[in-house]
Amino acid sequence: MKRHTITPRQNWQQKVEELGFSFHSTDAVYWDESVYYELSMDEVDRIEKATNDLWEICLEAVQHVIDKKLYSKFHIPEWFVPHIESTWNNDAPAIYGRFDFTFKNGVPKLLEFNADTPTSLFESAVVQWYWLQDFDSKCDQFNSIHEKLIAYWAYLKDYLYKYTLHFTTIKDTLEDFTTTEYMRDCAMQAGLDTSFIYTDEIGWDNDNAMFVDLQNFPIKNIFKLYPYEWLVNESFGKNIIADVNKTIWIEPSWKMILSNKAILPILWSLNKGHENLLESYFEMDKYMLGSDYVRKPILSREGANIQMVKNYSVLSETGGEYGYEGYICQELCPLPDFDGNYPMIGSWIVGQEAAGIGIRESNNLITDNLSRFVPHLIA
């Protein structure tokens, strides 16, 4: 893996905005094409294999959690457990997720799995691909995300109710809105009838016990970019259980298990020594890791409330409002250092297959909400 500094395209802001990518810059540059990463085909093959292999053991881990009733370790409320088990046993439609990797001695190592509401999808699937066509169209990229999304929406069509597929996210978040509309566009290209509604506009018909949209039509299929851990802690979320239509939610609620960092020690306990896993434990057993480890809340976002410890001293840490639900500790495996730039590879699974990567780069060891998205190519 090599890092190259280059000159951005002329009028690059206009070029990405024409694609619908309007959050390329906020307080700082988010989309950064003054840099790109070069990967070898061998590195891509290793990432692809790790993604597919990890997906398989993640599914086995979900079954283990359900069989052993380990929901308390994930801080999942008991009232929601039947819904999780129902979506799992009925093979409810799931479409995507993002494994976050670092490299150790050339081997991809799993840092965490964003299985419910992963971000950077549009950048990975579309924006960096169009950058490559302008930069060097003869080169390739590990990126079949767009094609796989359309194909998998088409595949899922027969598993949904013969009804409109709604898409929802919260207001005033341009990144989430763009991602949701991109997913909706892929579904439309796959031939599905769709509609958009903001999350706070979803209604509940108390008399008929069903979710409804602004036209008072039933919501029977819905893609949400809204975390389950938020949904189940709101009184409105309990309507999911009362819903007479048994609305299909994408992602399904069993993804709550995989989107929670409590899955990391479970994965390790079931697959000790797996080449793509880092040794991980619940916080009470962190002594197993010795003097070097990373402490993470089981539920957190954008790198918040993470502490990296080396030789029993704090190497790096971030603040935030997470941690109430508990922590896990993971073997310390820092991101590679390119002159003070630290890239993390986000590897996408679409349907049941590895689909491509996006790279986020930070000036710190911990990837946070100030990290940049940088494109890549295969050389």
Considering the range 260-283 alone, what residues qualify as being assigned to a helix (DSSP H, G or I), touching a strand residue (DSSP E or B) at 6+ places or on another chain (Cβ under 9 Å) and not β-branched (Val, Ile, Thr)? 264, 265, 267, 268, 269, 283
Criterion: surrounded by fewer than 18 Cβ atoms within 10 Å (Cβ to Cβ), over 30 Å from residue 221 (Cα atoms) and of a type in the set (Gly, Ala, Ser) - qualifying residue of 50, 28: 28
Test for residue 156: is it assigned by TED's automatic domain parsing to the domain that holds residue 352, in contact with a helix residue (DSSP H, G or I) (Cβ under 7 Å, 6 or more places away or on another chain) and not polar (S, T, N, Q): no
Given the structure, is residue 57 among the aliphatic types (A, V, I, L, M), touching a helix residue (DSSP H, G or I) at 6+ places or on another chain (Cβ under 7 Å), in a loop (DSSP other than H, G, I, E, B) and under 27 Å from residue 326 (Cβ atoms)? no
So if I check each of 80, 113, which one is assigned by TED's automatic domain parsing to the domain that holds residue 143 and part of a strand (DSSP E or B)? 113
What strands (runs of 3 or more DSSP E) completely inside the range 294-367 contain at least 1 residues that are crowded, with 19+ Cβ neighbours inside 10 Å and of a type in the set (S, T, N, Q)? 327-331, 342-350, 353-362
Would it be correct to say that residue 268 is within 16 Å of the chain's Cα centre (by Cα), at pLDDT 95 or above, crowded, with 16+ Cβ neighbours inside 10 Å and not aliphatic (A, V, I, L, M)? no
Test residue 133 against the stated conditions and say whether it is of a type in the set (S, T, N, Q), loosely packed, with under 15 Cβ neighbours inside 10 Å and either in the same structural domain as residue 221 (by TED's automatic domain parsing) or touching a His at 6+ places or on another chain (Cβ under 7 Å) (or both). yes
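The values are calculated or read from the model by the stated rules, or taken from the named source; none is laboratory data. Since we're looking at a predicted model, the values are computed, not measured. Glycine also receives a Cβ, built like all others from the backbone with ideal geometry; neighbour counts cover every protein chain displayed.
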